[in-house]
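Derivation of every value follows stated rules applied to the coordinates shown; laboratory data play no part. Everything quoted here is computed from the prediction, not taken from an experiment. For neighbour counting, all protein chains shown are included, and Cβ atoms are generated from backbone atoms with ideal geometry for every residue, glycine included.
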Amino acid sequence: MTASARNSTEKARSGRQKRARVLLGLTCLLLFCASLPAQTIRPTVRYDLLLPHPSDHLFHVNMFIFEVRGEVLVQMPAWNALYQIRDFSSRVQEVSAEADGRAIAVEKLDKQTWRLRAQGTVTVHYAVFWDSPGPFASQLNEEHAFINPAMVFLYVPDRRSEGLQVDFRQVPAGWRVESPIGVGDSQAGAYSMLAPSYDALADSPIEMGPFKSFRIGGLVPPVEVLVHGDNWKQADVEDALRKICRSEIALMGGAPFRRYLFLLHVGKAAQGAGGGMEHADGTAINISSGQMLPGVAAHEFFHLWNVKRIRPASLEPIDYTREQYTRALWFAEGVTSTYGNYALVRSGLWSREAFYSDLAERIGELESRPANRWQSAEQSSLDAWLEKYPYYNAPEFSVSYYSKGQVLGVLLDILIRDRTRNARSLDDVLRRMDLEFARKGRFYRDSLDVRLAAEEVAGGSLEEFFRSYVAGAGALPYAAILAKGGLVLAKQEIRRADTGFLEERDASGRVMVRSVTPGSAADQAGLRPGDEIRAWNGEPFPRRLESWLRDRRPGERLRLEIVRGGQPAQLSLALDETTESVFQLTEDPHAAPAAKAIREGLLHGTPASAAAASR
């Protein structure tokens, strides 16, 4: 490399680093700015969102960019909500622009970027097609609209940190508008919202429709619930969410929000799409019934701390244009699953037996996947961007950072408790990271800072554990560590029912047949790869197929409603038989008092106030 080239490279690197530092600082301030009074936000970009014909599934947007001086770029994110490049610009159509009432040229530079040249206020007109159920997509139809803003609103790269305003026009009669960031209703049918930055807007999903909403009593700061759909009971929803929120807030020593919103699509409104998506001050959840809510809600609510505020540096600053790699999803997602289950058992929503059963099921899932022998928790995190490829999700190619991280969380918790005679735990690690990173606006260095925090709490090195089981793919020492917590892991071979095919969910949440076992009953019934499964014995696809199959016998009939090539069809098949290794986790009746104390510590935890008082 020549001296001039080297100088040019260093200048470019310096510029990138400077921009990264600026964005980093702005992101640190984002959570504080989001709570500023609306009048302190001065928007430099405004959107009009119009819904003239919801049945067309087109969001019409007028984007007003103020104080343009010669040239401005606008972009549509390539990813959001899932670690997948989904190229939302492919849904954008009819882009045009004007300045001072006169049309100006729109030059497309790449798949997601447009350039405009003008002075003053520039108005960009476009439409976006969406009709995919949430929480990882957007939807517009006659019943409602759900918006992940990064999938609908263009942004100005140089103005991501500046204030924005969204005005909702032509809202159908009887519809309301709501979002975690808050929506103002200046007059009947006229809604508007302000965001301190594009990142804040992108993190605030929007629901529009004739939804039902209510506040959960007894919670401060307020927690509100918005429901679109059926097959749920308000009393049950309130009871479960109140217990979950109280448990997790007590654990972490307070709520980090001024107002929180559960945005729920339930029953038929979920359209078969399942799961939840975390946001800084809310969550969007799709479930087939209200009974499924606790498990999803406990996970998503804990994301308030872990990943939204206790956040890996590898995910900051957000880059909407390309993949953003991290080795920390085993902690950000997997250990969040650990704490979701802790909240369920500690709040009384689960029995201890239910907690043991779920943990044993996660262990069984890991051990059933050949990839568990070579793919570490860190590599699984790093490879999250491959999940959109069907074959990658096969047992031979990958393990879930959710499942592996959840199990690692419990094992690490037991180790810390064992070393400290149950005086410290993984609870203290999460609280310490909240204090040292989230509350100081800092981001942690993936697994390194997790290990350092755990070592500080445990009072000694955990390098071997992290090297062998987090960075490495060593066989997890389940039995040895669980015994320290007064638990016994047993394995047995059983014969159980099998569908004879493998399935997966696509980006819109549809359940698709990935492969069919040759000669199986499913094969003989005519099921083929690529078929979409719309109904399962007249109901939505089971949230946990493994659990559903364990309650069935080989030979039982399964009725499937499928769509192939746009045409609906019905198939009936007999469940096949297969052999499976099943794990069972039980309490050791002969455990030493120290091990029993650790076991009770896992099941009951220690609230932040009690933990502080004991030190």
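Worth pointing out:
- Note, ³J(HN,Hα) from phi for segment 451-457, Karplus 6.51, -1.76, 1.60, rounded to Hz, x at Gly and Pro: 5, 4, 5, 5, 5, 5, 5
- In this label model, ALA480 and GLN570 are separated by 5.6 nm, measuring between points 7 Å along each Cα→Cβ vector.
- Using just its DSSP H runs of length 4 or more, each adding -39500 (n - 2.57), the chain gives a mean residue ellipticity at 222 nm of -9000 deg cm²/dmol after division by all residues.
- A Förster radius of 60 Å, combined with the Cβ-Cβ distance separating ARG115 from GLU396, puts the computed FRET efficiency at roughly 0.85.
- Computed about its Cα centre, the charge dipole of segment 316-476 is approximately 360 debye, with only Lys, Arg, Asp and Glu carrying charge at their Cβ.
- Label zone of ILE104 (point 7 Å out along Cα→Cβ, amide N under 16 Å): in segment 73-92 this covers 73-75.
- Stretch gain in nm, segment SER357-ARG42, where the contour uses 0.36 nm per residue and the Cα spacing is subtracted: 108.2 nm
- Cα→Cβ-extended label distance, 7 Å offset, between THR586 and THR420, nm: 3.2
- Calculated on the Cα set of segment 248-402, radius of gyration then Dmax: 16.4, 45 Å.
- Using a cut-off of 26 Å between Cα atoms, the listed pairs LYS308/LYS404; LYS404/LYS491; LYS404/LYS484; LYS233/LYS404 include LYS233/LYS404 as exceeding that distance.
- Take the Cα of ALA597, step 7 Å toward its Cβ, do the same at PHE214, and the gap between the two points is 4.4 nm.
- Correct option for mean projected area of the Cα convex hull in nm² [calculated from the coordinates] among (1) 23.6; (2) 30.8; (3) 42.0: (2)
- The length gained by stretching the chain between SER461 and ARG505 to full extension, at 0.36 nm per residue less their Cα-Cα distance, is 11.8 nm.
- Relative exposure of PHE257, PHE146, PHE214, judged by other C-beta atoms within 10 Å (fewest first): PHE214, PHE257, PHE146
- Residues in segment 317-322 carry Karplus couplings, in order, of x, 5, 10, 6, 9, 8 Hz; the curve used is 6.51 cos²θ - 1.76 cosθ + 1.60 with θ = phi - 60°, and Gly or Pro positions show x.
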